[in-house]
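Right, one structure below, let's go through it.
Just so it is clear, none of the values below were taken in a lab; they were calculated from the coordinates. In this text, all values refer to a predicted model and were calculated from it rather than measured experimentally. Note that each Cβ is placed from the backbone with ideal geometry, even for glycine, and that neighbours are counted across all protein chains shown.
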Amino acid sequence: MTTLHAAHALVEDRIEADVTITFGPDGRIEAVTPDTPPAGERIAGLVLPGMANLHSHAFQRAMLGLTERAGPEGDTFWHWRDVMYRFLALLDPDDVQAIAAQLQLECLRQGYTAIAEFHYLHNAPDGRPYDDPAELSHRIVAAAAESGIGLTLLPVLYRHAGFGGRPPTEGQRRFVLGLDAYAALCQRLAGVTRVGVAPHSLRAVTPEELAAAEALADTLAAAAPRHIHVAEQEAEVADCLAWSGARPVQWLLDHAGIGPSWCLVHATHVTPEELARLAPTGAVAGLCPSTETNLGDGIFPLPAWRAAGGRFGIGSDANLTTSPAEELRWLDGIHRLLQRRRAVMPAAPGRSIGLDLFRAALAGGAQALGRAAGRIAPGCVADLVVLDPDHPTLVGRPPAALLDAWLTAGNPTPVRDVMVDGRWVIRRGHHPAAAAITARFRTCMRRLAARL
Ligand code: NGQ
Ligand code: ZN
């Protein structure tokens with residue numbers, strides 16, 4: 001049994017003082033009691049539930065700066081994707097692991113405690129399976145073992161280049177697995193880590209393949225997560241309409257068993273009708289605002305979604321930033337600009353804007369990862385971060401203002417300590433494997449530079 005005594009902690013929707021948190025060797029919180037005398041390990045600062053990063057493509061961290069060249073006129077996302085395809089053809093298994101470990105380390109330092117890796121690199125650069133078809137998935141698992149982040153691995157099912165079962169392009173050959181190989185991969189990985197299924201998008205799987213992925217998820221675990229990219233770009237909406245007569249979110253609602261185990265990544269282009277149908281299903285909208293901004297995707301109608309009771313979480317996606325505070329700042333800030341107001345989400349006067357946004361993203365993120373987390377409460381795993389009250393961003397702020405200070409201004413990070421599953425992975429800013437992870441990442445990046 002471990003006992004922490006936090007100067008302050010977020011307990012449900014309040015910042016409480018002198019909070020005793022106890023958890024067992026399995027990392028599960030057993031009791032949380034505010035206003036208690038000192039006992040166990042004293043934690044100065046504000047203890048928060050760690051954030052779940054619900055959508056990452058780790059390898060894209062290594063593309064920073066390479067994609068900011070103007071493409072052909074009128075071309076945006078799809079040109080970026082071509083550049084991304086050329087880049088990923090360079091990566092070998094050591095690169096995949098080195099980049100993922102560095103990315104996860106940076107995520108932990110910024111206050112993420114868990115990550116859903118939407119993993120679609122399966123094959124060697126020539127499109128052939130590795131001797132071990134799970135080679136690259138195991139590299140993601142190995143990276144998480146080094147970094148200590150809580151992993152939900154989402155092996156991706158990718159079969160086609162577009163609606164109607166179009167054959168995959170050469171640039172996509174590292175992604176493609178047959179249905180049997182995909183099922184075998186997921187089942188093997190389920191014995192090693194937390195796993196969910198990820199049909200890449202309605203562009204990349206047929207209705208039959210989507211149904212097969214859903215059926216497979218049922219065999220992996222009760223309510224195993226199901227993630228899909230959907231309605232991110234207007235071209236996808238137009239192609240889906242031409243193929244089926246329905247918009248992508250509408251099509252999913254009509255043909256898949258959309259419910260709380262689903263995460264619809266982006267869902268940018270939803271109509272009010274789709275939104276009204278989707279919110280009551282309990283599915284999570286997987287919002288990735290820094291990437292969606294960078295790629296010029298469009299704006300998900302978060303205020304209307306929140307008003308309809310819709311759930312959401314945040315993802316770092318292309319990993320331009322690894323900060324949950326920054327994702328939330330983008331998410332909220334875009335709507336402030338659009339509406340020329342400040343409190344843009346539904347909230348009672350006097351409520352902390354940051355607190356409501358943060359708690360909603362914690363809940364949606366944990367749900368999307370299939371992780372009992374997101375709250376400091378009995379039954380949840382102890383995924384915790386501690387904000388340093390002496391950090392220049394936070395010093396002198398009253399406890400109730402610390403979270404808002406972090407979310408509005410927290411670059412560089414005021415996260416001091418990080419615990420995952422009841423084990424400290426960062427203490428006083430120190431991660432024991434950081435030097436080795438970053439040294440290996442540098443070597444990898446220099447080697448890649450020579451291949452660009
Ligand atoms: C991905 N990323 O799978 O990495 C996608 C691009 C696609 C984002 N959509 C590829 N942000 O959607 O076809
Ligand atoms: Zn994505």
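Per the helix-only calculation at 222 nm, which mean residue ellipticity applies to the chain, given -39500 (n - 2.57) for every DSSP H run of n ≥ 4 and division by its residues, nearest 500 deg cm²/dmol?
-11500 deg cm²/dmol
Can you give the angle from 0 to 90° between the axis of helix 434-451 and the longest principal axis of the chain, with both taken from C-alpha atoms, to the nearest 10?
Tilt of helix 434-451: around 30 degrees.
Under 5 Å between amide hydrogens, which residues at least 5 positions from Thr152 or on another chain qualify, with H placed 1.01 Å from N in the peptide plane?
Correct list: Ile115, Ala116, Glu117.
What number, in percent, do you get for the relative contact order of the chain if the mean sequence gap of Cα pairs under 8 Å and at least 6 apart is divided by its residue count?
In percent, rounded to a whole number, it is 20.
Between beta-carbons, use under 11 Å as the cut-off and find the net charge around Ser316, counting Lys and Arg +1, Asp and Glu -1.
Here the charged neighbours net out to -4.
If I model a spin label at Leu66 and Tyr130 as a point 7 Å from the Cα along the Cα→Cβ vector, what separation in nanometres do I get?
Roughly 1.8 nm, to one decimal.
All other residues with a Cβ under 14 Å from the Cβ of Val83 taken together, and with Lys, Arg as +1 and Asp, Glu as -1, what is their net charge?
My count for the surroundings of Val83 gives 0.
Given q = 0.09, 0.19 Å⁻¹, what are the Debye log10 I(q)/I(0) values for the stretch 93-244, with equal point scatterers placed on the Cα positions and solvent ignored?
-0.29, -1.19
If you put +1 on each Lys and Arg Cβ and -1 on each Asp and Glu Cβ, how big is the dipole of the stretch 269-336 around its Cα centre, in Debye rounded to 20?
Numbers: 5 positive and 8 negative charges, 49 e Å.
Here the size comes out at about 240 debye.
Which part of the stretch 387-425 falls in the paramagnetic zone of Arg42, meaning amide N under 13 Å from the point 7 Å along Cα-to-beta-carbon?
Within reach of a label on Arg42: no residues.
How large is ³J(HN,Hα), in whole Hz, for each residue of the stretch 22-33 in order, when computed from phi with the Karplus curve 6.51 cos²θ - 1.76 cosθ + 1.60 and θ = phi - 60°, using x for Gly and Pro?
Karplus values, whole Hz, x for Gly and Pro: 10, 8, x, x, 7, x, 7, 5, 9, 8, 9, 9.
Express in nm, to one decimal, how much length is gained between Ala348 and Asp218 on full extension, taking 0.36 nm for each residue of separation and deducting their alpha carbon distance. Please report the intermediate quantities before stating the final value.
On the way: separation 130, 0.36 × 130 = 46.80 nm, distance 3.99 nm.
Residue separation times 0.36 nm, minus the Cα-Cα distance, leaves 42.8 nm.
Which value, in nm² and rounded to one decimal, describes the direction-averaged projected area of the C-alpha convex hull of the chain?
Values: hull surface 84.1 nm².
With every direction weighted equally, the projected area is 21.0 nm².
Based on Cβ point charges of +1 for Lys and Arg and -1 for Asp and Glu, what charge dipole magnitude is obtained for the chain about its Cα centre, in debye rounded to the nearest 20?
Around 680 debye, computed over the chain.
Tell me, in nm to one decimal, what length is gained between Gln187 and Glu170 on full extension, where the rule is 0.36 nm per residue of separation less the Cα-Cα distance?
Details: separation 17, 0.36 × 17 = 6.12 nm, distance 2.73 nm.
Result for the pair: 3.4 nm of gain on full extension.
Quick one: Glu73, Glu234, Glu135, fewest Cβ neighbours within 10 Å first, how do they rank?
Glu73, Glu234, Glu135
With point charges of +1 on the Cβ of Lys and Arg and -1 on the Cβ of Asp and Glu, referenced to the Cα centre of the chain, which listed residue (Ala224, Gly191, Leu105) lies farthest in the positive direction of the dipole?
Leu105
Just to confirm the filter: which trypsin sites (Lys or Arg not before Pro) across the stretch 1-74 are DSSP coil and have at most 13 other Cβ within 10 angstrom of their Cβ?
Sites meeting the loop and neighbour criteria: Arg69.
Sorting Cys186, Cys380 on the 10 Å Cβ count, fewest up front, what's the list? Present the calculation step by step, with values, prior to reporting the outcome.
Values: Cys186 25, Cys380 20.
Ordered from fewest to most neighbouring Cβ atoms within 10 Å, Cys186, Cys380 come out as Cys380, Cys186.
If we count other beta carbons within 10 Å of each Cβ, what is the order of Glu12, Glu106, fewest first? Provide the component values of the computation, followed by the final result.
On the way: Glu12 10, Glu106 22.
Fewest-to-most ranking of Glu12, Glu106: Glu12, Glu106.
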